[in-house]
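Visitor: The structure's right below; bear with me while I get my questions together.
Where a number appears in this text, it was derived from the coordinates with a stated rule and is not lab data. None of the values given here were measured: they were computed from a predicted structure. Here the Cβ positions follow ideal geometry from the backbone for every residue, glycine too, while neighbour counts run over all protein chains shown.
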Amino acid sequence: MIFRQVTAFLCFFITVSAFGQIQTTSDTSKMDTLYFLNGEVKAVKIVDTVAYLVRFLPEKKQKRPRVKDIEKSKLFSLKFSNGQERIMYFQDSTYGNIFSVLEAKMFMLGEQEAEKNYRNKWPVIIGFVVGTVSPLALSNAVLLSPIPAIVTPLHILLPNIHVNTKMINNKNHLQYDTYLMGYEKVARKKNFINSLIGAGAGLAVGFGIWGILK
């Protein structure tokens, strides 16, 4: 008798939990979108836009979702699930917003394009080579070998950024200087990170070889 009651209770509990999860999923199925000035795009459920903050529920479905917030000054626009878009950005040099709305939008699109399609193998290769050679070249002062590896990523400041025009769907964007500026910003950031990773990996290999040869 007790076993049947326990079984019935467990079945009821599982059913209620499953229904609650389904209910949560259906409530957040129609997502809004936040477009950040740094090019990031995030699907959320906007709760309100009071004062200088936008409050939202994250895309990840949780049993007890926590409301998060973001300053409006970090957003270009909000796009609601019904298709309506609200521009958050405004031109005002006193706030550092020197671009017009169109220029800022092009900058953001350039960032997104570079994040999606920009590829460059050379920063990793150069970083790896320098990192590997440093402990060997400075074998008598091996403790100094991380210095070249750390400095190497700075080389990404020198060359021009090659825009991968083949991957750009709307070639008209290329006529906007701010689009190219946004593209270059993200491209250089990716080059720096990749060069740093390559230098770190090379440094590990270089120390390994130095240890064997020693």
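Visitor: Along the positive direction of the dipole of segment 28-89 (beta-carbon charges: Lys, Arg +1; Asp, Glu -1; about the Cα centre), which of V41, F80, L57 reaches farthest?
Guide: L57
Visitor: Compute, for segment 28-89, the length of the dipole vector about the Cα centre, with Cβ point charges of +1 (Lys, Arg) and -1 (Asp, Glu) only. Units Debye, rounded to 20.
Guide: Dipole magnitude for segment 28-89 comes out near 380 debye.
Visitor: Send over the per residue convex hull volume for segment 98-172, Cα only, as a whole number of Å³. Present the calculation step by step, with values, prior to reporting the outcome.
Guide: Working: hull volume 9.0 nm³, N = 75.
Residue-normalised Cα hull volume stands at 120 Å³.
Visitor: Hey, another quick one. For a Förster distance of 25 Å, can you work out the FRET efficiency between the beta-carbons of K116 and I70, rounded to the nearest 0.05? The partial results should precede the final answer.
Guide: Working: r = 22 Å, r/R0 = 0.88.
For K116 and I70, the calculated efficiency is 0.70.
Visitor: Now a separate question. Can you compute the modelled spin-label distance between V41 and R55, with each label point 7 Å from Cα toward Cβ, in nm?
Guide: About 2.8 nm separates the two model spin labels.
Visitor: Contact order normalised by length for segment 56-109, with contacts defined as Cα pairs under 8 Å and 6 or more residues apart; what percent is it? Walk me through the numbers before you get to the answer.
Guide: Numbers: 43 pairs, mean separation 11.0, N = 54.
RCO, segment 56-109: 20 percent.
Visitor: Same structure again: Can you compute 3J(HN,Hα) from phi for each residue in segment 114-124, using the Karplus curve 6.51 cos²θ - 1.76 cosθ + 1.60 with θ = phi - 60°, rounded to whole Hz and x for Gly and Pro?
Guide: Taking θ as phi minus 60°, the curve returns 5, 4, 7, 10, 6, 9, 8, 7, 5, x, 5 Hz for segment 114-124.
Visitor: Can I ask one more? List, in the order given, every pair from K74/K121; K42/K190; K45/K171 whose Cα-Cα distance in the structure shown is over 25 Å.
Guide: K74/K121; K45/K171
Visitor: Check cross-link reach from K166 to the aspartates and glutamates: straight Cα distance under 17 Å, and skip same-chain residues fewer than eight apart.
Guide: E111, E113, E115, E184
Visitor: Assigning unit charges at the beta carbon (Lys, Arg +1; Asp, Glu -1) and nothing else, what dipole magnitude in debye, to the nearest 20, does segment 110-213 show about its Cα centre?
Guide: On the way: 9 positive and 5 negative charges, 43 e Å.
My answer is approximately 200 debye.
Visitor: Follow-up. How large is the Kirkwood hydrodynamic radius of segment 76-214, in angstrom, based on all distinct alpha carbon pairs?
Guide: Details: mean 1/r = 0.0572 Å⁻¹.
Answer for segment 76-214: a Kirkwood hydrodynamic radius of 17.5 Å.
Visitor: Still on this structure: Just how many % of Cα pairs in segment 28-89 lie over 12 Å apart, if you round to the nearest whole percent?
Guide: Across segment 28-89, Cα pairs with separations above 12 Å total 65 percent.
Visitor: Students often check this: by mean Cβ neighbours within 10 Å, which of 84-96, 133-145, 107-119 ranks highest, and how do the rest follow?
Guide: Values: 84-96: 11.6, 133-145: 15.8, 107-119: 20.0.
Peptide ranking by packing, descending: 107-119, 133-145, 84-96.
Visitor: I've got another one for you. In nm, to one decimal, how far is the modelled label at I193 from the one at N140, with both set 7 Å along Cα→Cβ?
Guide: According to this spin-label approximation, the distance is 4.1 nm.
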